[in-house]
1. Through the Karplus equation 6.51 cos²θ - 1.76 cosθ + 1.60, θ set to phi - 60°, convert the phi angles of region 69-84 into ³J(HN,Hα) values in whole Hz; use x for Gly and Pro.
2. Restricting to DSSP H runs of at least four residues, report the calculated mean residue ellipticity at 222 nm for the chain, -39500 (n - 2.57) per run over all residues, nearest 500 deg cm²/dmol.
3. For region 31-105, just the Cα set please: Rg and Dmax, both in angstrom.
4. Would you work out the relative contact order for the chain, in percent, from Cα pairs under 8 angstrom that are 6 or more residues apart?
5. What is the sum of charges around D167, taking Lys and Arg as +1, Asp and Glu as -1, for the other residues whose C-beta is under 11 Å from the C-beta of D167?
6. Are there GluC sites (Glu not before Pro) in region 17-118 that DSSP puts in a loop and that have at most 15 other Cβ atoms within 10 Å, and which ones?
7. Return the sequence-ordered ³J(HN,Hα) values of region 92-107 in whole Hz as given by the Karplus equation 6.51 cos²θ - 1.76 cosθ + 1.60 applied to θ = phi - 60°, using x for Gly and Pro.
8. Could you work out which residue, out of S82, S73, S65, moves most in a Gaussian network model of the chain, that is, has the largest mean-square fluctuation with Cα springs under 10 Å?
Amino acid sequence: MIIAIDGPAASGKGTLARRLAAHYGLGHLDTGLTYRAVAAALLASGASLDDEAAAVAAAERLDLSALDRETLSAHAVGEAASRVAVMPALRAALVRVQRAFAETPPGAVLDGRDVGTVICPDAPVKLFVTASAETRARRRADELAGRGEPADVAAILADLVRRDARDAERAASPMRPADDAVLLDTTAMTADDAFAAACGIIDRVIR
Ligand code: CDP
């Protein structure tokens, strides 16, 4: 069983993926963290963010079990992640690891930008989770405020829009809904609403 969840920044896909994995007894991989970890490694070593060989080397050293959103949550790391994510050789290296995780029994929920289109094109369940840019910026600001970090909604909104454009317009595996993905717009939904809607979709597929 593989559940593919894609969508733009701060759409709620991470929270949803975590809850679905617990509910259906599946593994969970936040594929954004794999890009964040590579970006953080490049930033720490002083390598350039377009050094593809250094990025691939960092990907090959990646330990999925050690990925932690808390330590990779910095805004600058997310920004750097979307810059390294344009490199095809890095994407190929990460997709190998992500796919191996997905195919490990009993299966998994993966969330990201290209799960349904590239990593797991045969996944029986594909969701594309969206929300208006304003809603997403507010959610991200609340998240930051919750961690005691400064949160300027207007600046966050501008960053999200720029990052979405970079992710959707890149040549390698651009963010887009798979043809067979179900769209879930969470603008007017709570996290509980989104979870219930997703379970409804998944239970229909399982039956
Ligand atoms: O949590 P947030 O939505 O801010 O971003 P993330 O999921 O941590 O992903 C960070 C960046 O990694 C994204 O902006 C994408 O550029 C890239 N990414 C990707 O290209 N493909 C994926 N499957 C997941 C993330």
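Just so you know, all these numbers are worked out from the coordinates, no wet-lab data involved. Just so it is clear, the model here is predicted, and its values are computed rather than measured. Cβ: placed from backbone, ideal geometry, glycine included. Neighbour counts: every protein chain shown.
1. Result, ordered by residue: 4, 4, 6, 10, 7, 3, 4, 5, 6, x, 5, 5, 4, 6, 7, 5 Hz.
2. -16500 deg cm²/dmol
3. Expressed in Å, the Cα Rg and Dmax of region 31-105 come to 11.5, 38.
4. Worked out over the chain, it gives 33 percent.
5. Numbers: positive: R83, R113, R162, R163, R166, R170, R176; negative: D6, D114, D164, E169.
So the surrounding residues net to +3.
6. Those satisfying the criteria are E70, E103.
7. 4, 5, 6, 4, 4, 5, 5, 5, 4, 4, 4, 8, 6, x, x, x
8. Evaluated over the chain, the most mobile residue of the options is S65.
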